[in-house]
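K.L.:
Sharing a structure here in C-alpha cells format.
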Amino acid sequence: MALIECPSCQKRISSKAKQCQFCHSSTDGDNESVRVISHIQKSNQLMTHSFVFLTLFIAGVVIWFWGGETATGMQSYIAVGCFVFGFVGYTITRARIVLHKRKSV
Ligand SMILES: [Zn+2]
C-alpha cells in the first residue's frame, strides 16, 4: 500500500482508497492519473506562490521609491518588510519548484 496525494485536497491518502477520507472526492482507483494530476496541481500551486512572492518583492521596491524619494519611517518598514519577505519567499519557492521538477512523475 502506498500513499498518494488526494487530487482535490492534497492530503495523503491510501492509493487503494476509492475515495478520499477527508474530502470524499473519488479517486476511481486510477492512481497513475491521480498521481500525475496531483503533481501538475502542485506545480501550479508553486507557480502561484512564486508569483505572489514576486509581486510582494516588486511592491516593496515600489513602496520604497514611492514619490521619487527614498522611504522614511513607517513607509520604509513596510517597504523593507515586503522586499525581504517577497525575496525570501520567492527564493524558497523557486527551490521547491526545482526539487518538485526533479521528482519523476
Ligand atoms: Zn481529499
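Bear in mind these aren't lab numbers, they're just calculated from the coordinates by the rules spelled out. Bear in mind the structure is a predicted one, so any value in this text is a computation, not a measurement. Note that each Cβ is placed from the backbone with ideal geometry, even for glycine, and that neighbours are counted across all protein chains shown.
K.L.:
Give the shape of the chain as rounded, prolate or oblate, defined through the alpha-carbon gyration tensor: a ≥ b ≥ c are the square roots of its eigenvalues, a/c under 1.5 means rounded, and otherwise the shape is prolate if a/b is larger than b/c and oblate if not.
P.N.:
In terms of gyration-tensor shape, prolate.
K.L.:
For the chain, what does the relative contact order come out to in percent, with C-alpha contacts under 8 Å and a separation of six or more?
P.N.:
Value for the chain: 22 percent.
K.L.:
Here is a further query. Mind sorting Cys9, Cys20 by how few other Cβ atoms lie within 10 Å of their own Cβ, fewest first?
P.N.:
Numbers: Cys9 12, Cys20 22.
Result, fewest neighbours first: Cys9, Cys20.
K.L.:
Using only the Cα atoms of the range 20-81, build the gyration tensor, take square roots of its eigenvalues as a ≥ b ≥ c, and label the shape rounded, prolate or oblate: rounded if a/c is under 1.5, else prolate if a/b is larger than b/c, else oblate.
P.N.:
prolate
K.L.:
Taking a threshold of 21 Å on the Cα-Cα distance, which of the pairs Lys18/Lys103; Lys16/Lys101; Lys11/Lys42 fall above it? If you can, show how the numbers build up before the last one.
P.N.:
Details: Lys18/Lys103 25 Å; Lys16/Lys101 25 Å; Lys11/Lys42 12 Å.
Where the Cα-Cα span goes over 21 Å, the pairs concerned are Lys18/Lys103; Lys16/Lys101.
K.L.:
Restricting to DSSP loop positions (anything but H, G, I, E, B) with no more than 12 other Cβ atoms inside 10 Å of their own Cβ, which trypsin sites (Lys or Arg not before Pro) remain in the range 18-105?
P.N.:
Working: sites: Lys18, Arg35, Lys42, Arg94, Arg96, Lys101, Arg102, Lys103; in loops: Lys18, Lys103.
Those satisfying the criteria are Lys18, Lys103.
K.L.:
Quick one: putting +1 on the C-beta of Lys and Arg, -1 on the C-beta of Asp and Glu, what dipole do you get for the chain around its Cα centre, in Debye to the nearest 20?
P.N.:
Dipole magnitude for the chain comes out near 460 debye.
K.L.:
Counting other beta carbons within 10 Å of each residue's own, what order do His24, His100 fall into, fewest first?
P.N.:
Least to most surrounded, the residues fall as His24, His100.
K.L.:
On to the next question. Helix 31-64 versus the longest principal axis of the chain: what angle, 0 to 90°, nearest 10, using Cα atoms?
P.N.:
10 degrees
K.L.:
Okay, next question. DSSP loop chymotrypsin sites (Phe, Trp or Tyr not before Pro) in the range 54-105 with at most 13 other Cβ atoms within 10 Å of their Cβ, which ones?
P.N.:
Hits after loop and neighbour filter: Phe65.
K.L.:
Counting helices only, and only those DSSP H runs with n ≥ 4, report the 222 nm mean residue ellipticity of the chain as the sum of -39,500 (n - 2.57) divided by its residues, in deg cm²/dmol to the nearest 500.
P.N.:
-22000 deg cm²/dmol
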